[in-house]
Amino acid sequence: MAIWRLIGSFALFLGLAVSAQAAEKPNIVIILADDLVRLLPHTLLRVGWNDVGFHGSAQIPTPNIDALAYNGIILNSHYVPALCTPSRSSLMTGKYPTHTGMQHLVILAPEPWGLPLSETLMPEHLKAAGYATHAVGKWHLGFHRKEYTPTYRGFDSHYGYWNGYQDYYDHTMRATLVPYKGYDMRRNMTVDWHARGQYSTDLFTNEAVRIIQTHDSEKGPLFLYLAHLAPHTGNPEDPFQAPDEEVAKFAHIEDPERRVYAAMVSKLDQSVGDVVTALRMKGMLHNSIVLFMSDNGAPTFGVHSNRGSNFPLRGMKESPWEGGVRGVAAVWSPLLHSTQRVSNQLMHITDWLPTFYAAAGLDVHELGNIDGIDMWKALSENQPSPRMEVLHNIDPIEDYAALRRGDWKYVTGTAQEGKIDEWYGESGRGNENKSQKYNMQEVLNSKVGIAITGFITKQQLQAKTLARMLENGSLDKGDGRFKQMKLLSEIAVTSLRHQAEVHCNQKKGLSLSNTSSETACRPREAPCLFNIRDDPCETINLAHARPLVLQSLEESLERYKKTMMKPLNLPGDPMSNPTYWNDTWVNWKDDSAAPGESMTVLPSPANPVTTSFMTAISLIIALSIFAVAVKLSVNGTTKKSSFFSKFFIKAKDVDMSGNQKGVVQ
């Protein structure tokens, strides 16, 4: 019996025994891209659906993301809400935004609301299970009071920003609707002035790597939530930002905005490589789950446009179309049994909470009444998805709703009054891209490719050692079970890349737009019905041809409406203006907060001239407001200017009838 204990210890040391791995909770790493669309095999991100390489484009190389996807599972039917705040709330709670009041637009910087404190978030669940929990990057789930910020919601630490975006270098955030601008970069609750001048993507990558390097696995597993700014644009006055040396790599892209966008995506790709390499170097890769995904589709044009391409999918960010809600996603882990494949299993971002929980060997029922479904076994064993239906959204203010059941998708109404209902973005495959060939060796030799190849090779060597022990009769076959992994080949890459592409039923040279009176979709006039499996680009409306299917989906939608919360959106608060708070965004609604106090903000090394200028501007704005108020009182009217009517709306106007269309972060 001593020899068997010795052999068992040896197998455990090698990290190959299935029973040993099952008993150890896996490290969980989420890398979330912001406004990324589908990248083709050289662009897998949701920079735009068509901006990652593993989805078929070669214009923007993303070798690290591609290597992660090809070695793992490319999730081709992975759905997300169409905007930042709703998407992140779904990830953190495992609930549809309609069940948390987060379904309408996003949290604008001056607005005093956030993800309800009654919700238990993913880091809180995992922390209770023994995980070290760390957040890096974007939050965007509320900060008007400190209780809404990351370190009060289950994270042991947070390095990043609270708003929806920031300047990539000076880390200020200019509000979308009002002339407020302030610094937004913190380590936990303390402002980090030392970050100024350093590129955001690099800062967040370095922090993530530091967390991995200093993690003590003996104390428990790691949960790392790395929510990048990239490739979301920065402030409106300078939206596209990347280091010069990165921009120079994309001189073949004629449009300067898309050229810099490509550099932003490239820096994001490098970040994925650095994080996976850090896991390998720390000896944590053998027991880790790495998820890469985008929060929503890219805004090809309009507010905060980053020129991302969702083509050939219809629509873009904020819309209920596939270009807004079908997110780029891929997951890799040696704990998954069926990998190097493209998955068309229906999945929603709410599913990750119960899926990670199950992967950690925890009881999913402890999560309570959530919308997410445990997908771990289905993904690992390549079994049919247990999810049959996805509610994309019900927005009573924009007045639209969409859901998918099986192959069928129902859309009624639309966002932005139908202005984002078409097909947008570059294909990445046409004449503009003839000189850009997909470089498979760049994928195989990327940091992620090297790390995974090194890990698999080490495992294969260890497997041969155990095989010899089996041949010698010193080890029973049942005691040495482990998963055999294979290296990624160029043949596999070619096949996977082809499978991951979306093909429309479109005749060559013809537009995707459908003008047929029978099959054209006009969702503001009547509901539309699509077969997403046969028509992923949503070109043929089958509402007239399949009335029973349409009716069935409408009945499902009515059931969701019965459990829906009203949107929690509140009007902006003038006291949020960073001018009152040392030119920083702070928890201005805290009981201890008072204008003129620095709260947790450290003294800023700002230029006195700049500070005086901002004070003068604030004084002018205040006097202007006073003058308008006097004029209105003299005229005996309560009518507000168009600008302030958008910002200082009454709270009651934000329930089922308010109008805040077209404003996104």
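The values are calculated or read from the model by the stated rules, or taken from the named source; none is laboratory data. These figures come from a predicted structure and were not determined experimentally. All Cβ positions, glycine included, derive from the backbone under ideal geometry; neighbour counts span all protein chains shown.
Is it true that GLY197 is in contact (Cβ under 8 Å) with a residue 24 or more places away in the chain and surrounded by fewer than 16 Cβ atoms within 10 Å (Cβ to Cβ)? Considered against the rule, which asks whether it is in contact (Cβ under 8 Å) with a residue 24 or more places away in the chain and surrounded by fewer than 16 Cβ atoms within 10 Å (Cβ to Cβ), GLY197 comes out as yes. Residue pairs whose Cβ atoms lie under 7 Å apart, separated by 6 or more positions or on different chains, with the first residue in segment 344-359 and of a type in the set (D, E, K, R) and the second modelled with pLDDT of 95 or more, are ASP351/GLY372; ASP351/ILE373; ASP351/MET375; ASP351/ARG387. With respect to the conditions (1) at pLDDT 95 or above; (2) crowded, with 19+ Cβ neighbours inside 10 Å, THR457 falls short on a single one, namely (2). Against the definition (of a type outside the set (Lys, Arg), under 15 Å from the mean Cα position of the chain (by Cα) and in a loop (DSSP other than H, G, I, E, B)), how does MET293 come out, yes or no? When the stated conditions are applied, MET293 does not pass them.
ILE452 meets all of the listed conditions (1) under 30 Å from ALA251 (Cβ atoms); (2) at pLDDT 95 or above but one, namely (1). For segment 167-188, a residue qualifies if it is more than 20 Å from the chain's Cα centre (by Cα), crowded, with 22+ Cβ neighbours inside 10 Å and among the aliphatic types (A, V, I, L, M), and exactly one does: ALA175.
Can you go through ASP395, ASP351 and tell me which one is over 20 Å from HIS286 (Cα atoms), buried (at least 18 other Cβ atoms within 10 Å of the Cβ), among the acidic types (Asp, Glu) and out of contact with any Leu (no Cβ under 9 Å at 6 or more places or on another chain)?
Criteria check complete, one pass: ASP351.
Within the option set ASN393, ASN310, being outside any loop (DSSP other than H, G, I, E, B) and in contact (Cβ under 8 Å) with a residue 24 or more places away in the chain holds for one residue only, ASN393.
Of all the numbered requirements in (1) of a type outside the set (Ser, Thr, Tyr); (2) outside any loop (DSSP other than H, G, I, E, B); (3) out of contact with any strand residue (DSSP E or B) (no Cβ under 8 Å at 6 or more places or on another chain); (4) buried (at least 20 other Cβ atoms within 10 Å of the Cβ), ILE212 misses one, and that requirement is (3). Please tell me if PHE356 is out of contact with any helix residue (DSSP H, G or I) (no Cβ under 6 Å at 6 or more places or on another chain) and either farther than 26 Å from ALA82 by Cβ or not in a loop (DSSP other than H, G, I, E, B) (or both). Spelling it out, PHE356 is indeed out of contact with any helix residue (DSSP H, G or I) (no Cβ under 6 Å at 6 or more places or on another chain) and either farther than 26 Å from ALA82 by Cβ or not in a loop (DSSP other than H, G, I, E, B) (or both).
In the set SER343, SER309, only one residue is within 25 Å of LEU403 (Cα to Cα) and either at pLDDT 95 or above or not hydroxyl-bearing (Ser, Thr, Tyr) (or both); that residue is SER343. Among the residues here, GLY234 qualifies as among the small types (Gly, Ala, Ser) and within 19 Å of the chain's Cα centre (by Cα). Looking at segment 156-166, which of the residues that are surrounded by fewer than 24 Cβ atoms within 10 Å (Cβ to Cβ) and assigned to a loop (DSSP other than H, G, I, E, B) is nearest to the chain's Cα centre (by Cα)? Taking the candidates together, the pick is ASN163. Can you say whether LYS483 is at pLDDT below 95, loosely packed, with under 12 Cβ neighbours inside 10 Å, assigned to a loop (DSSP other than H, G, I, E, B) and charged (D, E, K, R), as far as the supplied structure shows? For LYS483, the condition - at pLDDT below 95, loosely packed, with under 12 Cβ neighbours inside 10 Å, assigned to a loop (DSSP other than H, G, I, E, B) and charged (D, E, K, R) - is not met.
For segment 379-417, the set of residues classified as within 22 Å of the chain's Cα centre (by Cα) and of a type in the set (A, V, I, L, M, F, W, C) consists of LEU379, VAL390, LEU391, ILE394, ALA401, ALA402, LEU403, ALA415, listed by residue number.
The condition of being outside any loop (DSSP other than H, G, I, E, B), within 31 Å of the chain's Cα centre (by Cα), surrounded by 14 or more Cβ atoms within 10 Å (Cβ to Cβ) and modelled with pLDDT of 95 or more holds for only one of MET564, MET575, that being MET575.
For segment 223-273, the candidate set comprises residues that are part of a helix (DSSP H, G or I) and of a type in the set (Phe, Trp, Tyr); within that set, the residue that is surrounded by the most Cβ atoms within 10 Å (Cβ to Cβ) is TYR261. For segment 99-127, a residue qualifies if it is crowded, with 24+ Cβ neighbours inside 10 Å and part of a helix (DSSP H, G or I), and the qualifying residues are MET122, HIS125, LEU126.
The residues of segment 400-426 that are in contact with a helix residue (DSSP H, G or I) (Cβ under 9 Å, 6 or more places away or on another chain) and not in a strand (DSSP E or B), listed by number, are ALA415, ILE420, TYR424, GLY425, GLU426.
Does segment 489-496 contain any residue that is more than 14 Å from ILE65 (Cβ to Cβ) and either at pLDDT below 85 or among the acidic types (Asp, Glu) (or both)? There is at least one residue in segment 489-496 that is more than 14 Å from ILE65 (Cβ to Cβ) and either at pLDDT below 85 or among the acidic types (Asp, Glu) (or both).
Do you know which residues across segment 128-147 are touching a strand residue (DSSP E or B) at 6+ places or on another chain (Cβ under 6 Å) and more than 14 Å from HIS158 (Cα to Cα)? Don't jump to the end; show me each part of the working.
Within segment 128-147, the first condition is being touching a strand residue (DSSP E or B) at 6+ places or on another chain (Cβ under 6 Å), and the residues that meet it are 131-138.
Once the filter is applied, which keeps residues that are touching a strand residue (DSSP E or B) at 6+ places or on another chain (Cβ under 6 Å) and more than 14 Å from HIS158 (Cα to Cα), segment 128-147 yields only TYR131.
Looking across segment 360-379, the residues that are crowded, with 19+ Cβ neighbours inside 10 Å, free of Cβ contacts under 8 Å to residues at least 60 places away in the same chain and assigned to a helix (DSSP H, G or I) come down to TRP376, ALA378.
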